[in-house]
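For reference, the structure discussed in these notes is given below.
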Amino acid sequence: MEKKESKNALGEKLNHALDKFLRHIDSVKDTLPMFMLLVSPYAVKSVEEFGDFLKNNAKEIKTDKDTMSLLIKSDEAQLFETLEKNASISKIATKIVPESLFVSLISQYDAFLNRLLRVIFEIKPEILNSADRSITFSQLVEYGSVQDARNYIIEKEIDTVLRKSHSEQFDYLERILAMELRKDLSAWKAFVEITERRNLFVHCDGVISSQYVKNCSLEENKYFSIGKKIDVTPEYFIEAYRCLYEITVKLTHTVWRKLLLSDMKNADNELNCVCYNLINNKSYNLADTILQFACEQKKKHNSMTENIFTINLALSKHLNGKQVEVKNILEKKDWSACSDEFKLAFEIISENYEEAYLLMKKIGKNGNVSKTEYKQWPLFKKIREKKEFKKVYKEIFKEDYSILETPRRPLAELIEKFKKDSIKKKNSKKIASNK
């Protein structure tokens with residue numbers, strides 16, 4: 001019994017390492033649009049002010065055959081310098097902050113790997129037996145206990161691993177776990193490019209180096225030519241976020257299933273929670289990727305877990321408008337032999353709403369689908385809009401259906417408010433200019 005509890009506790013540590021990372025990169029991801037929304041209008045304004053000054057106060061003159069210069073009155077020189085500096089700083093900010101936040105994403109990954117390795121060493125301490133680490137007798141005396149000495153060796157081992165390239169770190173993990181981690185990992189090439197681009201921003205001011213081209217297995221072209229500066233667009237930033245999300249979820253749950261086979265129930269539950277949150281946040285493409293990974297796991301806790309992963313994969317694609325793919329997923333299984341809640345899910349995703357209403361009545365008030373689930377479960381997102389759904393809900397629970405809103409993240413609310421305020425300001429300016 002103690003051994004089982006120990007395995008569960010170690011599984012919780014793996015999950016905590018992943019959950020902490022996902023929360024941190026979600027925070028970083030939310031920060032970028034907030035910054036761009038706040039700063040971009042002021043950057044545009046400062047550039048426009050400088051442009052207006054040049055248009056009205058500067059005169060372009062030829063200083064020689066090939067060079068043009070600006071002629072400005074001496075009493076306006078200070079204003080020129082101030083406006084030019086404001087415009088320059090604003091433009092730099094819109095470039096450097098996305099780069100800094102991008103670097104932060106990779107830093108969060110490095111911190112995640114640190115935590116993951118500590119749990120791996122705790123689960124499988126014999127790994128350290130093969131580590132090329134030694135301490136002197138005087139150091140052992142200084143530490144005072146074998147545990148303190150062991151902690152020292154762990155610190156040295158992790159420090160050495162984190163100093164390796166991200167590709168070499170996977171080499172190390174594959175060696176100590178005796179398994180392939182990159183086989184069929186579609187995000188691997190993107191992961192290598194992301195981590196190498198991070199190095200460019202940290203060490204080369206974003207200028208493409210021959211090492212970057214080589215390590216990313218790229219061919220030089222107009223997009224990736226040595227000496228060219230690259231940047232971080234909002235689209236690229238989101239792709240990097242998704243890549244790191246995918247890599248860390250897959251890595252954590254591969255390790256979990258490899259080292260803690262008896263903790264499969266908790267592993268499956270936590271993996272399903274990750275997928276559910278993605279669907280709930282409308283991150284359908286990322287949810288599809290993780291759910292496909294979940295469905296492909298050869299070992300699952302039980303058949304119900306397998307059904308949950310399959311239904312959620314179909315649901316994610318259903319909500320994303322991929323109905324052809326939904327049909328292919330659902331037809332692989334005979335859902336008529338499953339419990340009523342799975343039959344209900346099948347009928348709703350298949351948009352057989354009349355059959356769904358009959359199953360809702362059959363499940364009833366005290367069945368496996370609660371009032372809260374009818375209000376919050378993404379499965380009911382589309383059917384909730386139907387009048388008949390509200391009628392059946394009232395018949396079952398003897399009360400009117402009311403919307404139960406899921407709280408949004410404060411930053412999301414702030415971004416939406418800023419957008420609305422910006423639209424109001426633009427409309428006010430239009431009205432004023434038309435008068």
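Tell me, which helices (runs of 4 or more DSSP H) lie completely within the range 199-296 with 2 or more residues that are in contact with a Leu (Cβ under 8 Å, 6 or more places away or on another chain) and in contact (Cβ under 8 Å) with a residue 12 or more places away in the chain?
On the way: elements: 210-215, 234-259, 264-280, 284-296.
Correct list: 234-259, 264-280, 284-296.
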How about the range 323-357: which of its residues are in a helix (DSSP H, G or I), over 15 Å from Ser303 (Cβ atoms) and acidic (Asp, Glu)? Glu325, Asp340, Glu347, Glu354, Glu355
Might you check whether a residue that is closer than 29 Å to Met34 by Cα, modelled with pLDDT under 95 and in contact with a helix residue (DSSP H, G or I) (Cβ under 9 Å, 6 or more places away or on another chain) occurs anywhere in the range 238-261? yes
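Here is a list: Asp288, Asp263, Asp268. Which entry is over 24 Å from Arg115 (Cα atoms) and acidic (Asp, Glu)? Quick ask: steps written out before the conclusion?
Details: Asp263 fails: over 24 Å from Arg115 (Cα atoms); Asp268 fails: over 24 Å from Arg115 (Cα atoms).
Just a single option satisfies the conditions, and that option is Asp288.
Pick out the one residue from Val119, Val161, Val146 that is in the same structural domain as Leu177 (by TED's automatic domain parsing), among the hydrophobic types (A, V, I, L, M, F, W, C) and at pLDDT below 80. Please lay out each step first, then the result.
On the way: Val119 fails: at pLDDT below 80; Val161 fails: at pLDDT below 80.
Result: Val146 is the single residue among Val119, Val161, Val146 that is in the same structural domain as Leu177 (by TED's automatic domain parsing), among the hydrophobic types (A, V, I, L, M, F, W, C) and at pLDDT below 80.
Among the helices (runs of 4 or more DSSP H) contained in the range 360-435, which hold 2 or more residues that are farther than 30 Å from Met34 by Cα and modelled with pLDDT of 65 or more?
Working: elements: 371-376, 387-397, 410-434.
Fully inside the range 360-435 and qualifying: 371-376, 387-397.
Here is a check on your reading of the model: is Glu325 under 20 Å from Ala287 (Cβ atoms) and at pLDDT 95 or above?
Details: under 20 Å from Ala287 (Cβ atoms): yes; at pLDDT 95 or above: yes.
It is true that Glu325 is under 20 Å from Ala287 (Cβ atoms) and at pLDDT 95 or above.
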When you look at Asn269, is it surrounded by fewer than 17 Cβ atoms within 10 Å (Cβ to Cβ) and either of a type in the set (S, T, N, Q) or in contact with a Pro (Cβ under 6 Å, 6 or more places away or on another chain) (or both), yes or no? yes
Counted residues, the range 245-294 - those being polar (S, T, N, Q), out of contact with any Asp or Glu (no Cβ under 6 Å at 6 or more places or on another chain) and farther than 21 Å from Lys124 by Cβ: 8
Please determine whether any residue of the range 352-363 is basic (Lys, Arg) and either farther than 20 Å from Lys394 by Cα or in contact with a Phe, Trp or Tyr (Cβ under 8 Å, 6 or more places away or on another chain) (or both). no
Can you confirm whether Val192 is closer than 26 Å to Val255 by Cα and either at pLDDT 95 or above or surrounded by 15 or more Cβ atoms within 10 Å (Cβ to Cβ) (or both)? yes
Enumeration of residues in the range 49-68 that are under 15 Å from Leu79 (Cβ atoms) and acidic (Asp, Glu): Glu49, Asp52
Pairs returned, first residue in the range 159-181 that is in a loop (DSSP other than H, G, I, E, B), second residue that is of a type in the set (Lys, Arg), beta-carbon separation under 8 angstrom, 6 or more apart or interchain, are Met179/Lys258
In the range 27-76, which residue that is among the basic types (Lys, Arg) and within 33 Å of the chain's Cα centre (by Cα) is surrounded by the most Cβ atoms within 10 Å (Cβ to Cβ)? Lys29
What pairs come out if I take residues in the range 326-343 that are in contact (Cβ under 8 Å) with a residue 24 or more places away in the chain and of a type outside the set (Lys, Arg) and pair them with residues that are buried (at least 18 other Cβ atoms within 10 Å of the Cβ) and not in a helix (DSSP H, G or I) whose C-beta lies under 7 Å away, six or more apart or interchain? Glu341/Val369
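The values are calculated or read from the model by the stated rules, or taken from the named source; none is laboratory data. For clarity, every value in this text was computed on a predicted model and none was experimentally measured. Because the Cβ atoms are built from the backbone with ideal geometry, glycine has one as well, and the counts that use them run over all protein chains shown.
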